[in-house]
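Report on one structure; see the data block that follows.
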């Protein structure tokens, strides 16, 4: 007798990530993020321009307050450009975490009526954020031309930091979305949590203003390596390899452990959501 | 042959204590403060209040079988389907499925009102487990089935609810899994579309696929399931050929159902006549599920507060759409002098013939009036009954014909004598 295709036993604890099943549902990931993108700016006046407005206005505000008033150092890069280059990965990350953290509780009808690997829901929310990132990235090009920043080989490092930011957002998003199913406090704590994280990351300020003996502490925040690396690839300063290594290790650890945790609890979502 | 679905000792327990409210930290703190008092009172509520939605379910389904699952609301039908669809895990027991599963617990899951019909077809198909290629190749068929060609590029929010349901069902109907799990989806849409859906379902079963079909509509189960499982309070009450299970279900309807036909009316509705109860019975037992082939009775109990001259009672029966089928009166076959109109309590029993109603739901209105003068009272739709077909498929066809009733009439046919012979 052949082994059955699907065997569910209440006494057997699910283990493993079921990556093959996840692969089989890859088109659903595409369709769900496509849906998110399609409906995000429906019935808005500005449409996809919102993807630019958010980091642009943050840049203007930061330039005024931190660049002009407090004269924040910016590693020799014009402050507006410095801020925008930091805001790009940050805005993507912050939106991706917020959207994916709230994604499961926003998909109650799907979860209680259809089976599919649940991780697709927070993952689709992260993937949908990538388009906004690309749109906002386009504004960087005229800025680079205006400030006469030359093209460099180090630009080839950019994809690494985009991938890292995506993975990190996925790791944090999975964790928060699963917690959100059981404890709705997550929804209210999230904006505050994101704001704290912004100040803990070198978006407004450069890492170089942190005293040397405290550098390692800021490296524990994986966004430090990502944002600094993102800027370095563009402006040709020297890469802080230690920070990047910290980022990679912590991000991978977070993604894998969140994925296992998510897998452990996803079967109960339909009962408690 | 090995079974395609095998279910062993399947049980599902829900903890009601933690289910309805969304757990928040605040609740937990509140519970912590409350719980010592709970212990003092001896009621450890949140831990103990559990319900077994399913208890020790065992059955097997062979490839190509079409099995119906019947039972009243809360019997555990939906829980069983949710477990088999892998939406929720069983608390105890195990099951195996030996083929690609498609489950349809709701029509239009994931439909988004801002997206167009075309976009929703692709999205919904993907959610149900179809690949983009598969949807693409069946797209025209789906749209033709739903009859919404003209509105494909209109956002679904501008659709009528009927159109949305048709499109959603069309997508689902074109799912081609080896095992199809369907939950009461036929209860949506208009009658004509329901017929079309039933037809599609039989097509699926004829193609040799295995179908698990849940319905409260015994006629639908009867129409195309050869085997049925009757669930009652989380356990299998009976399983076997559909006709036998359906008959058992009806015989035990009283035990399985608490009759909802018996209605007590508030006092003083009319100063002249007071209706006290309306009941429906078939084969000597109170029920509101009627076998269409057998006669049944409607019994009206009332009290005349005083003598009312020339009054008469009437009964009006309407179908689901509100179309009246007929009105009958206690005056029809009698002269008014023959009816007792003295003060006191009375019981009227109206006999309705078998082989008259189509399958479906019906609503009855009871009232009284004074001939040519005024209505004394009328209680609209105060009772309700469901009619189902107990015969086989060839008889079920009668219910799909044009007309609001489907009477079984005797036809006497003889050869006509030729004059020249």
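A few points about this structure:
- Long-range Cα-Cα pairs in the stretch A:170-243 (distance over 17 Å), rounded percent: 53 percent
- The base-10 log of I(q)/I(0) for the stretch A:107-224, evaluated at q = 0.17, 0.18, 0.21 Å⁻¹, reads -1.12, -1.20, -1.38 [Debye formula, identical scatterers on Cα atoms, solvent excluded].
- What the Cβ-Cβ distance of residue B:9 and residue B:247 gives, at R0 = 41 Å and to the nearest 0.05, is a FRET efficiency of 0.90.
- For B:96-105, mean number of other protein chain Cβ atoms within 10 Å: 4
- For peptides B:132-142, A:74-84, A:257-267, sequence by mean Cβ density within 10 Å, most packed first: A:74-84, A:257-267, B:132-142
- Cα pair count fraction exceeding 21 Å, expressed as % - the stretch B:288-421: 52 percent
- Pairwise FRET efficiency - residue A:54 versus residue A:261, Cβ, R0 = 35 Å, nearest 0.05: 0.70
- Shielding score for B:74-83, defined as the mean number of other chain Cβ atoms within 10 Å: 1
- For chain A, the Kirkwood radius over C-alpha pairs fed into Stokes-Einstein at 20 °C and 1.002 mPa s yields D = 107 µm² per second.
- At 0.692 mPa s and 37 °C, Stokes diffusion of the protein assembly as shown via Kirkwood alpha-carbon radius, µm² per second: 108 µm²/s
- Look at the stretch A:261-273: the mean tally of other chain Cβ atoms within 10 Å of its residues' Cβ atoms is 2.
- Centre-to-centre separation between the Cα atoms of the stretch A:50-76 and those of the stretch A:10-45: 35 Å.
- Per-pair calculated FRET efficiency, R0 = 25 Å: residue A:154 and residue A:249 via Cβ, rounded to 0.05: 0.70
Only the coordinates and a few stated rules stand behind these numbers; no lab work does. From a predicted model like this one, the values you see are computed outputs, not experimental measurements. Counting neighbours? That spans all protein chains shown, and the Cβs are built from the backbone with ideal geometry, glycine included.
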